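Worksheet for the structure shown next.
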Amino acid sequence: MVQIESAMEVQETDADAGDGTDETDAPEVENVPTRQVVEFRLGDDYCAVDIDEVDSIVEIKKVTRIPRTADSIDGVMDLRGETTAIINPRTFLGMDDDGDAPEGDEQNVLVLDRADDKQKIGIRVDEVLEVTDHPERNIDTEEDLTDLDTRGIEEKVSRGVIRKPNGDGLDLVVWIDIDAIIGQLK
């Protein structure tokens with residue numbers, strides 16, 4: 001409703017301005033709150049995490065599987081002399097690990113920046129796409145997602161869905177809740 005009224009006010013102002021060359025009649029740019037995220041791909045799905053939760057992005061090296069750990073933990077790898085646990089977020093989001101993912105060095109790890117963790121944690125992703133800002137009005141959160149029937153929503157490991165304009169329409173990007181995923185590992 002506010003946007004419609006603002007547009008009407010702009011039209012009235014332009015009509016009153018005559019030739020429209022007076023810069024003082026230009027509409028003010030609205031300061032829209034945004035979220036900065038790291039977008040990545042898991043198979044055919046697009047996901048994101050808050051940029052503040054990421055310490056670094058590294059190529060995946062040799063991951064050593066640890067016996068009797070959950071399927072969601074791929075294992076550990078040595079990252080700059082520090083043991084880093086590698087989590088596979090596909091298990092939390094209900095995605096099949098059916099071979100769509102590239103093998104070995106083609107994958108990346110988003111190393112998380114979490115002060116409370118006793119060791120470094122990283123999440124395995126197929127491809128890091130970009131770091132970008134999204135207006136909060138393009139993000140659907142809990143209350144907006146009650147009709148979606150996905151495992152990420154049901155398991156409460158998704159903060160919401162980002163509606164990303166792509167020229168032809170919208171891409172949906174799953175906004176992952178890292179704290180919820182790690183909370184389920186404990």
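The values are calculated or read from the model by the stated rules, or taken from the named source; none is laboratory data. Predicted model only: the values in this text are computed from it and were never measured. For neighbour counting, all protein chains shown are included, and Cβ atoms are generated from backbone atoms with ideal geometry for every residue, glycine included.
The table that follows gives values for the structure above.
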read-out	value
Of all residues in segment 153-177 being surrounded by 14 or more Cβ atoms within 10 Å (Cβ to Cβ) and in contact with a Pro (Cβ under 9 Å, 6 or more places away or on another chain), the one that is modelled with the highest pLDDT	I176
Count of segment 163-186 residues which are hydrophobic (A, V, I, L, M, F, W, C) and either on the phi > 0 side of the Ramachandran plot or not in a helix (DSSP H, G or I) (or both)	6
Scan of segment 167-181 for residues that are under 16 Å from the mean Cα position of the chain (by Cα) and of a type outside the set (D, E, K, R), ordered by number	L170, L172, V173, V174, W175, I176, I178, A180, I181
Subset of segment 37-52 [of a type in the set (A, V, I, L, M) and more than 9 Å from the chain's Cα centre (by Cα)]	L42
Some residue of segment 119-139 being closer than 18 Å to Y46 by Cβ and modelled with pLDDT under 90	yes
Residue in segment 105-116 that is among the acidic types (D, E), surrounded by 11 or more Cβ atoms within 10 Å (Cβ to Cβ), within 17 Å of A180 (Cα to Cα) and modelled with pLDDT under 95 present	yes
